[in-house]
Amino acid sequence: MLTYFLKPNGVLLVVDFTKVESEEALPTDDSHDISVAHKVGLTAEVMRDAFVEAGLVKFSFEVFSRVKMLGNESTLFIASGKKPNTET
């Protein structure tokens, strides 16, 4: 859905946690009622598939930081993809 709002040649950036073996490894805080579609992080393959399905090209996936939140250590990634120029 987010790609709908991109102009031709626009870039979508996503920052999230990389996949971990167990849910306990991701930061959690039960004091907030936030619904998260995934609870164990995401892989490059899952992100690539989502970006391709959305029609984005020039996919990139880079791990860029280790973070400690709520007593748990996690790794963050940034994924990007470009909306093709549909004008000819």
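Filtering the stretch 46-58 down to residues that are touching a strand residue (DSSP E or B) at 6+ places or on another chain (Cβ under 6 Å) and more than 10 Å from Lys83 (Cα to Cα), which residue is surrounded by the most Cβ atoms within 10 Å (Cβ to Cβ)?
Of all residues in the stretch 46-58, those touching a strand residue (DSSP E or B) at 6+ places or on another chain (Cβ under 6 Å) come to 47-48, 51, 56-58.
This time we only want the ones that are more than 10 Å from Lys83 (Cα to Cα), so: 47-48.
Details: Met47: 20, Arg48: 16.
Only one residue fits best here, namely Met47.
Can you give me the number of residues within the stretch 46-66 that are without any contact (Cβ under 8 Å) to a residue 40 or more places away in the chain and in contact with a Leu (Cβ under 7 Å, 6 or more places away or on another chain)?
Just the residues of the stretch 46-66 that are without any contact (Cβ under 8 Å) to a residue 40 or more places away in the chain, to begin with: 46-53, 57-62, 64-66.
If we keep only those that are in contact with a Leu (Cβ under 7 Å, 6 or more places away or on another chain) as well, we get 64-65.
Residues flagged as without any contact (Cβ under 8 Å) to a residue 40 or more places away in the chain and in contact with a Leu (Cβ under 7 Å, 6 or more places away or on another chain) within the stretch 46-66 amount to 2.
A short reminder: the numbers here are calculations on the coordinates, not readings from a lab. Keep in mind that this is a model prediction, so the values were computed, not measured. In this analysis, Cβ positions are derived from the backbone assuming ideal geometry, glycine residues included, and neighbour counts consider all displayed protein chains.
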